[in-house]
């Protein structure tokens, strides 16, 4: 069964509200598939930009003609993105459809054999979260690493996420100046308090995501050179085409790393791959020194989650271009309830209640929650360990550390494992990825480390 037998999670609508508040005034996100809305029996599976579709640049003229012919009373169709100066970097175009029904437009284009998709929102949260998946305060840092501090030396990891929190240098395991000499400091895009906080001064729900992930990489492979980029500027989300261009520009500026860690993704209409990332995926395949490690998503289903699901596509025929990562339970007794799964998920790592770097301040719990996980039924998840410790209106104080769950945090563990393998065995990132997927390299016991 691909979708759990549960009611739609109301937190999706809160997440969508946050994204719409952060998007530019001329952009608005809605829930898909068609008919998904609060109170509707149609459960939301993804978010998309209303009134827009994506097509290949070579198909623009034909797509405009077909879309206008399919709904002739709704005005002109035009190219809305990217700007002219960026068009030579990507081969996809966003078309503005005016008042047209995007789903009918897509059906008309499909009949005419023109490939077109919605403009999906790629997010660090996904549609449904484990009820315990909001960060909770942690009183003490993880146990110091017991392995060699040189693990990951000479290896570069690029984290595509929400950037580093403004106070990230207070965390000793991220700052070389406060730790072992010659271990590079985590660096990258640093967000401001205004970007991290609500108007009432409480911490925004997506704040600290990239910082936490950077810390996980460094806990597993302490000598790794980690750079974090803020590629999810709209409440932890971004339209897929803007993400594709942002990734390419980031790599153009800073170079292609050994490992890209991406703890974000999207489910899509008709489960197709993200067209907006097509140019990035093509270039990734042509860079044999780089591996993409991507989170499998937190919806508890077997439906593909992109770009992690590329691990089961022709681009990954050798198994070393994309490594998709699911989450394991805290007690070590199998897959975490919220983790997506299926043959397209290639490896699993611990993903429940990890502890790592966060920001400081008050956090207001604003998502509807219940004491029991939505997967608590014994047949789905015996002995469920995923609980919601707080409910709407609760406020807790953080002092630079958080405990967090999700495939988002299993992903940097695998990035760290690959980095450590590279430095220990003097192999490339793709050889390390093949060793991991083939079972030659195992995920180590990380008890107490995270």
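None of the figures in this text is laboratory data; all of them are computed from the coordinates on show. Keep in mind it's a predicted model, so treat the numbers as computed, not measured. Quick reminder, even Gly has a Cβ in these numbers, built from the backbone with ideal geometry, and neighbours come from all protein chains shown.
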Worksheet entry | Label point distance in nm, residue 397-residue 78, each placed 7 Å from Cα along Cα→Cβ | 5.3
Worksheet item: Considering the zone a paramagnetic label at residue 270 would reach in this model (a point 7 Å from Cα along the Cα-to-Cβ line), which residues of the range 237-261 have amide N under 19 Å from it?
Response: 240-241
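Any chance you could list the semi-axes, whole Å, largest first, of the equivalent ellipsoid that the Cα gyration tensor gives for the range 11-123, using √(5λ)? Write down the numbers at each step before the final one.
Details: eigenvalues 120, 63, 29 Å².
Calculated on Cα positions only, the semi-axes equal 24, 18, 12 Å.
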Item to complete: Measure nothing fancy, just the Cα-based angle from helix 102-111's long axis to the longest principal axis of the chain, in degrees from 0 to 90, nearest 10.
Response: 70
Worksheet item: What's the center-to-center distance, using Cα atoms, between the range 266-283 and the range 40-75 in Å?
Response: 16
Worksheet entry | Net length gained if the chain between residue 282 and residue 69 were fully extended (0.36 nm per residue, minus Cα distance) | 73.4 nm
Worksheet item: Once fully extended, how much extra length lies between residue 85 and residue 34, figured as 0.36 nm per residue of separation less the alpha-carbon to alpha-carbon distance?
Response: 15.0 nm
Worksheet item: Scattering from the C-alpha atoms of the range 261-341 alone, worked out with Debye: what is log10 I(q)/I(0) at q = 0.13, 0.21, 0.26 1/Å?
Response: -0.40, -0.94, -1.28
Worksheet entry | Cα centroid of the range 313-349 to Cα centroid of the range 183-261, whole Å | 22
Worksheet entry | Anisotropy class of the range 181-244 from Cα gyration tensor, a/c 1.5 cut | oblate
Worksheet entry | Additional length obtainable on full extension of the chain from residue 170 to residue 195, 0.36 nm per residue less Cα span | 7.1 nm
Response to the item:
Rounded to the nearest 500, the 222 nm mean residue ellipticity computed for the chain from DSSP H runs (n ≥ 4, each -39500 (n - 2.57)) alone is -6500 deg cm²/dmol
